[in-house]
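The values are calculated or read from the model by the stated rules, or taken from the named source; none is laboratory data. The shown structure was predicted, so the numbers you read here are calculated from the model rather than taken from an experiment. Please note: Cβ atoms are built from the backbone with ideal geometry, for glycine as well, and neighbour counts cover all protein chains shown. Surface areas here come from the heavy atoms of the whole protein model, side chains and all, with no ligands, DNA or RNA. Shrake-Rupley method; radii C 1.70, N 1.55, O 1.52, S 1.80 Å.
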Amino acid sequence: MAAPQQQQIDLNSLTIDNLAAVKKQLDDEIEHLMGASTKLKKAQDRFREYINAVKAGIKPETSDKPLLIPLTTSLFVPAKLSDPEHVLVDVGTGYFVEKTAPEAVKFYTAKIKTIETNMADIQKVMTQKLQNVRVVESVIVQKQTQGGQ
Amino acid sequence: MSDSQKLQALTQEFQNIQTELSTVVEARQKLESQLSENQSVQKEFGSLGDDAKIYKLVGPVLLKQEKSEAVMGVDRRLEFINSEINRVETQLAELNAKQEKKKIEIIGLQTQMQEAAAAAE
């Protein structure tokens with residue numbers, strides 16, 4: 001998001017200190033990407049959980065069964081589902097939309113898919129960065145052996 | 001003011017610019033995530049029928065809202081976020097230019113000092 005860094009620089013023209021700085025920056029970027037990737041994975045798992053919950057609980061048969069609704073993590077009250085067909089889905093920024101169970105599943109599946117493409121994009125960038133790091137590292141080693149002679 | 005004092009002052013100014021820059025970059029990133037979240041909501045609203053039941057979270061309660069009203073709300077928010085992004089972008093460009101200028105000043109002073117030191121020997 002900062003200034004574009006598309007200019008070509010010959011790595012061999014840099015000093016070892018400069019190269020180390022370049023490597024550090026790349027390492028930081030890779031770490032950032034990995035963090036983002038883990039977060040996306042977690043979000044994906046959460047959406048899967050939602051799908052399971054909707055599939056397991058939101059169907060017409062459920063309306064006859066008594067349910068225990070958690071008020072806190074350790075306090076439950078018996079209740080019945082008055083509307084076993086609809087759920088309210090959080091679509092973001094404080095808006096909720098009433099959907100039928102299959103619609104909700106579709107919504108979450110689409111979300112999972114979006115995340116998947118995002119993750120693939122990140123993976124691509126990460127592979128590129130890892131490759132860059134390897135190149136920088138090899139130039140550093142090369143310079144060091146040359147300097148030692 | 002001696003050269004080394006001048007250099008110190010310049011470095012301080014440069015560091016100030018950098019701190020400012022990092023806060024602005026952070027603001028820009030926050031706007032970006034807000035933008036994408038609102039865009040996904042807009043997309044979702046677009047795929048809904050006009051009779052869709054939409055609720056808005058106000059504090060701890062959900063209030064029923066007309067779809068047209070909700071769509072308008074999100075559109076307005078997107079407009080605001082986009083104008084904010086423009087504002088922050090200009091700010092970012094200004095700071096970058098300022099930083100670049102300071103850097104040149106510092107390097108100039110440093111070479112000047114080195115030359116003076118070399119001449120004194």
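Taking amide H atoms as placed 1.01 Å from N in the peptide plane, the amide H of A:LYS59 has no partner under 5 Å among residues 5 or more positions away or on other chains.
Per residue, how big is the convex hull around the C-alpha atoms of the protein assembly as shown? Give it to me in cubic angstrom, could you? Spell out each step's value before the answer.
Details: hull volume 60.9 nm³, N = 270.
Each residue corresponds to 225 Å³ of Cα convex hull volume.
Solvent-accessible surface of protein heavy atoms, probed at 1.4 angstrom with all chains present, puts A:VAL87, A:VAL77 in the order A:VAL77, A:VAL87, largest first. Assuming charge only on the beta carbon of Lys and Arg (+1) and of Asp and Glu (-1), the dipole of the protein assembly as shown about its Cα centre is about 780 debye to the nearest 20.
Using alpha carbons only, how many degrees (0 to 90, rounded to 10) separate the axis of helix A:101-148 from the longest principal axis of chain A? With rounding to tens, the tilt is 20 degrees. Other protein chain C-beta atoms within 10 Å of residue C-beta, averaged over A:85-95: 5. In order along the stretch A:19-28, the Karplus-derived 3J(HN,Hα) couplings, from 6.51 cos²θ - 1.76 cosθ + 1.60 at θ = phi - 60°, round to 4, 4, 5, 4, 5, 4, 4, 4, 4, 4 Hz, and Gly and Pro are given as x.
Each of B:ALA97, B:GLN15, B:ILE54 was placed along the dipole of chain B (beta-carbon charges, centred on the mean Cα), and the one lying farthest toward the positive end is B:ILE54. Among A:ALA104, A:ALA79, A:ALA120, whose mean-square fluctuation peaks in a Gaussian network model of chain A (Cα, cutoff 10 Å)? Maximum fluctuation in the GNM of chain A, among the listed residues, is at A:ALA79. Only helices enter the 222 nm calculation for the protein assembly as shown: every DSSP H run of n ≥ 4 contributes -39,500 (n - 2.57), and dividing by all residues gives -26000 deg cm²/dmol, rounded to 500. Taking all protein chains into account, the per residue accessible area for the stretch B:1-110 stands at 66 Å² (1.4 Å probe). Hey, which of these cross-link pairs are over 22 Å Cα-Cα: A:LYS99/B:LYS43; A:LYS111/B:LYS56; A:LYS59/B:LYS64; A:LYS59/A:LYS80? Too far apart for the 22 Å limit: A:LYS59/B:LYS64.
Percent of accessible area on chain A owned by carbon and sulfur, 1.4 Å probe?
58 percent
Within straight-line reach of A:LYS129, meaning a Cα separation under 26 Å, sit the following lysines at least 8 residues removed in sequence or on another chain: A:LYS23, A:LYS24, A:LYS39, A:LYS41, A:LYS42, A:LYS113, A:LYS143, B:LYS30. Mean-square fluctuations from a GNM of chain A, with a 10 angstrom spring cutoff on Cα atoms, peak among A:GLY35, A:GLY92, A:GLY57 at A:GLY92. Karplus-derived 3J(HN,Hα) values for the stretch A:56-68, using 6.51 cos²θ - 1.76 cosθ + 1.60 with θ = phi - 60°, are 6, x, 9, 8, x, 4, 5, 5, 7, 8, x, 10, 10 Hz; glycine and proline are entered as x.
Candidates B:SER83, B:VAL71, B:ALA117 compared by Cα position along the dipole of the stretch B:3-120: farthest toward the positive end lies B:VAL71, with charges placed on Cβ.
If the only charges are +1 at each Lys and Arg Cβ and -1 at each Asp and Glu Cβ, what is the size of the charge dipole of the stretch A:100-148 around the Cα centre, to the nearest 20 debye?
With only Lys, Arg, Asp and Glu charged at Cβ, the dipole is about 80 debye.
Placing unit charges on the Cβ atoms only, positive for Lys and Arg and negative for Asp and Glu, gives chain A a dipole magnitude near 240 debye about its Cα centre.
Coupling constants for the stretch A:31-44 follow from the phi torsions by the Karplus curve (6.51 cos²θ - 1.76 cosθ + 1.60, θ = phi - 60°), and in residue order they are 4, 4, 5, 5, x, 4, 5, 4, 4, 4, 4, 4, 4, 4 Hz; glycine and proline get x. The Cα center of the stretch B:66-86 and the Cα center of the stretch A:67-118 differ in position by 25 Å.
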